[in-house]
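Here the structure is laid out as structure tokens; the discussion comes afterwards.
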Amino acid sequence: MGTQPEIVSAEEWRAARLDLLAKEKEFTRARDALSAQRRQLPMTEVTEDYRFTGPDGEVGLADLFEGRRQLIVYHFMFEPDWDAGCPSCSFVADNISPVVHLHARNTSLALVSVAPYEKLAAYRKRMGWDLPWYSSYGSEFNGDFGVTIDPARGRTDYNFRDRSQDEGWQGWSGEMPGMSAFLRDGDRILRTYSSYERGLDILLNTYNWLDLTALGRQEDEGPGMDWLRRHDEYEPGQVSNL
């Protein structure tokens, strides 16, 4: 679990906390500046007529906006031959707060996966989610937005980097997680942002809460997210109430 901090008096604790607070405020200002730069990124028009399958049948990308100005898509890993979604992507979905607050800011959110819609609908029911979820099965949407690795088709980029020569990636193919943001400008759809890998950390409120505690994420006990299970798969002994 790493080296435990020393135990000090209340006065010494307050002094140490104030020192850290100054660093936290500096980080907050840096984060605000970075967010401002993100909003100033140039945009690129999406001209491909991507088709998706949802509860009402076939729809286009514009329909995912549900009449709002902005759209956030979470690229949810769900291979066509799987019967359940990726545990880490399920963790992301569990951490999505009621989307009514996004709607109040003229923004829609949708999950998109390459698996057939019937599998997505069944898994959503199992997980108890009410998030909009669409299948991109048969379209190039996932590949074009960098979450399908398929060396046979020349798709080897992930997180804006060619992974074909990276250790552990050679010859591998499949789906990866990510998110993309879009803006409507009249009849045009503009891609404003995409993020992958650790850039998705900000979506995980559970991690944000754990980062405030003394024990933190507790992932130094094993590799990364190996501890994680779908929320209905934890054994009683894994969910401590002590």
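Just one of (1) open to solvent by 20 Å² or more (accessible area, probe 1.4 Å); (2) within 20 Å of residue 145 (Cα to Cα); (3) of a type in the set (Ser, Thr, Tyr) fails for residue 74. It is (1). Among the candidates 125, 119, the residue that is surrounded by 15 or more Cβ atoms within 10 Å (Cβ to Cβ) and not hydrophobic (A, V, I, L, M, F, W, C) is uniquely 119. Residue count for region 151-172, restricted to those that are open to solvent by 40 Å² or more (accessible area, probe 1.4 Å) and part of a strand (DSSP E or B): 4. Looking across region 1-24, just one residue is part of a loop (DSSP other than H, G, I, E, B) and surrounded by 10 or more Cβ atoms within 10 Å (Cβ to Cβ), and that is 8. Of the candidates 6, 11, the single residue that is at pLDDT below 95 and of a type in the set (D, E, K, R) is 6.
Scanning region 78-112 for residues that are over 13 Å from the mean Cα position of the chain (by Cα), of a type in the set (S, T, N, Q) and surrounded by 15 or more Cβ atoms within 10 Å (Cβ to Cβ) yields 107, 108.
Closer than 21 Å to residue 48 by Cα, touching a helix residue (DSSP H, G or I) at 6+ places or on another chain (Cβ under 8 Å) and of a type outside the set (Val, Ile, Thr): is that true of residue 111 in this structure? So residue 111 fits the description; yes. Note on region 75-108: residues that are in contact (Cβ under 8 Å) with a residue 60 or more places away in the chain and part of a helix (DSSP H, G or I) amount to 7. Among 52, 27, which is open to solvent by 60 Å² or more (accessible area, probe 1.4 Å) and modelled with pLDDT of 95 or more? 27 is the lone residue from the list that is open to solvent by 60 Å² or more (accessible area, probe 1.4 Å) and modelled with pLDDT of 95 or more. If I ask for residues that are under 30 Å from residue 234 (Cα atoms), open to solvent by 10 Å² or more (accessible area, probe 1.4 Å) and outside any loop (DSSP other than H, G, I, E, B), which ones from region 128-146 would you list? Answer for region 128-146, where residues must be under 30 Å from residue 234 (Cα atoms), open to solvent by 10 Å² or more (accessible area, probe 1.4 Å) and outside any loop (DSSP other than H, G, I, E, B): just 134.
For region 173-186, the candidate set comprises residues that are outside any strand (DSSP E or B) and either open to solvent by less than 30 Å² (accessible area, probe 1.4 Å) or touching a helix residue (DSSP H, G or I) at 6+ places or on another chain (Cβ under 8 Å) (or both); within that set, the residue that is modelled with the lowest pLDDT is 173. Of all residues in region 187-223, exactly one satisfies the criterion of being over 25 Å from residue 107 (Cβ atoms), open to solvent by less than 60 Å² (accessible area, probe 1.4 Å), part of a loop (DSSP other than H, G, I, E, B) and out of contact with any helix residue (DSSP H, G or I) (no Cβ under 9 Å at 6 or more places or on another chain), namely 222. In region 139-160, is there at least one residue being in contact (Cβ under 8 Å) with a residue 60 or more places away in the chain, under 30 Å from residue 118 (Cα atoms) and in contact with a helix residue (DSSP H, G or I) (Cβ under 7 Å, 6 or more places away or on another chain)? Scanning region 139-160, I find no residue that is in contact (Cβ under 8 Å) with a residue 60 or more places away in the chain, under 30 Å from residue 118 (Cα atoms) and in contact with a helix residue (DSSP H, G or I) (Cβ under 7 Å, 6 or more places away or on another chain), so the answer is no.
Table: residues versus (1) modelled with pLDDT of 90 or more; (2) within 21 Å of the chain's Cα centre (by Cα); (3) under 30 Å from residue 4 (Cα atoms).
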| residue | (1), (2), (3) |
| --- | --- |
| 171 | no, no, no |
| 192 | yes, yes, no |
| 196 | yes, yes, no |
| 226 | no, yes, yes |
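The values are calculated or read from the model by the stated rules, or taken from the named source; none is laboratory data. Just so it is clear, the model here is predicted, and its values are computed rather than measured. Cβ sites come from the backbone with ideal geometry, for glycine too, and all protein chains shown count toward neighbours. Heavy atoms of the whole protein, side chains included, go into the accessibility calculation; ligands, DNA and RNA do not. Shrake-Rupley method; radii C 1.70, N 1.55, O 1.52, S 1.80 Å.
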